[in-house]
Structure formats: C-alpha cells, structure tokens
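The values are calculated or read from the model by the stated rules, or taken from the named source; none is laboratory data. None of the values given here were measured: they were computed from a predicted structure. All Cβ positions, even for glycine, are placed from backbone atoms using ideal geometry, and neighbour counts span all protein chains on display.
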Amino acid sequence: MTDEDAAEPAALGVVRTPTGHAEVDAQLARLADADHLPADGHLAVYEDVHRGLREALSALDAPPVPGPYENRS
C-alpha cells in the first residue's frame, strides 16, 4: 500500500443538535475535531469532551454563589 492509497480520515456526518446550554454545546461541537483525525487520535478528543461534560454537569449541582448585594444572613 502506498501513501497515495491511504485514505484520509473522513467525517462521519453525525448531526449534533444544540441543547441550548452553551457549555454543553461547546463540548459537543468539540467532537467534530475527531472527524479529521485517524482513529488512534479519537480517544484524546473523547476524553476531553467527557471531562468537559462532567464539569458542566457538576456545576449544575453546585450551590449558587451569592451576589454582592444579596442578604448573606
């Protein structure tokens, strides 16, 4: 097999539907980075996206931080 015969990575064409949550949508958009990598490069992208989604979900469980003018009593 020559270099000319080797196929370039091709996008899978998976549709990513926006969720309306900017942080989650940014992570889902990051999945497109794997479209242009050989298969052995996908894991790093998937792990990064998983970490970002986990952080976004964890932030939903965090108690709200009081604003500067809220009563803190």
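With respect to residue 52, is the statement that it is free of Cβ contacts under 8 Å to residues at least 40 places away in the same chain and either under 20 Å from residue 13 (Cα atoms) or assigned to a helix (DSSP H, G or I) (or both) true? The answer is yes for residue 52.
Which one is modelled with the lowest pLDDT among residues in region 36-73 that are of a type in the set (A, V, I, L, M, F, W, C) and surrounded by 10 or more Cβ atoms within 10 Å (Cβ to Cβ)? Top of the filtered list is 37.
Check 33, 3 and return the single one that is at pLDDT below 95 and assigned to a helix (DSSP H, G or I).
Working: 3 fails: assigned to a helix (DSSP H, G or I).
So the residue among 33, 3 that is at pLDDT below 95 and assigned to a helix (DSSP H, G or I) is 33.
Quick check, is residue 14 modelled with pLDDT under 85 and in contact with a Leu (Cβ under 8 Å, 6 or more places away or on another chain)? Yes: the conditions hold for residue 14.
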